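What follows is a short report on a single structure.
The values are calculated or read from the model by the stated rules, or taken from the named source; none is laboratory data. The structure displayed is predicted, hence computed values, not measured ones. In this analysis, Cβ positions are derived from the backbone assuming ideal geometry, glycine residues included, and neighbour counts consider all displayed protein chains.
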Amino acid sequence: MKRLGRLNQRVRIEQAVTTTDGHGGQATTWAVRAVVWALVEPLTSREGIAAQQVTAVLSTAVTIWFRDDISVKDRICLRDRTLQVESYQDPTGRRDELRLLCSEVQV
């Protein structure tokens, strides 16, 4: 609970919105679900080769006030970074904070 006093960065939580394009296809856009204060903590990084290109995957934990409308289909936008929500947990079980475990792929 003491960490919640360190929520010092504004992040945007976005949800995917799928629309039809009129030609039988679909397009995915992103809509803002909420703008909240967060504690952003880097966790790990790893490099690998995918599709004959070196990529780096950064893992980040984002702690926010508890909310029950978060999905693993959501993403977090922090300045010029886009983090994909991989999982989330209520670490204390008290519904006061939510820890989002996110990944960011850099090519």
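Can you pull out every residue in region 5-23 that is in a strand (DSSP E or B), exposed (fewer than 12 other Cβ atoms within 10 Å of the Cβ) and among the polar types (S, T, N, Q)? Listed by number, the residues that qualify are THR18, THR19, THR20.
Residue-by-condition table, conditions (1) among the acidic types (Asp, Glu); (2) under 22 Å from ASN8 (Cα atoms); (3) modelled with pLDDT of 95 or more:
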residue: GLN26; (1), (2), (3): no, no, no
residue: ARG33; (1), (2), (3): no, yes, yes
residue: VAL54; (1), (2), (3): no, no, no
residue: LEU58; (1), (2), (3): no, yes, no
residue: ARG79; (1), (2), (3): no, yes, no
residue: GLU97; (1), (2), (3): yes, yes, no
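Count of region 63-82 residues, restricted to those that are under 18 Å from ALA16 (Cβ atoms), in a loop (DSSP other than H, G, I, E, B) and in contact with a Lys or Arg (Cβ under 6 Å, 6 or more places away or on another chain), is 0. Candidates are the residues of region 83-101 that are part of a strand (DSSP E or B) and farther than 14 Å from VAL36 by Cβ; the one that is farthest from the chain's Cα centre (by Cα) is GLN89.
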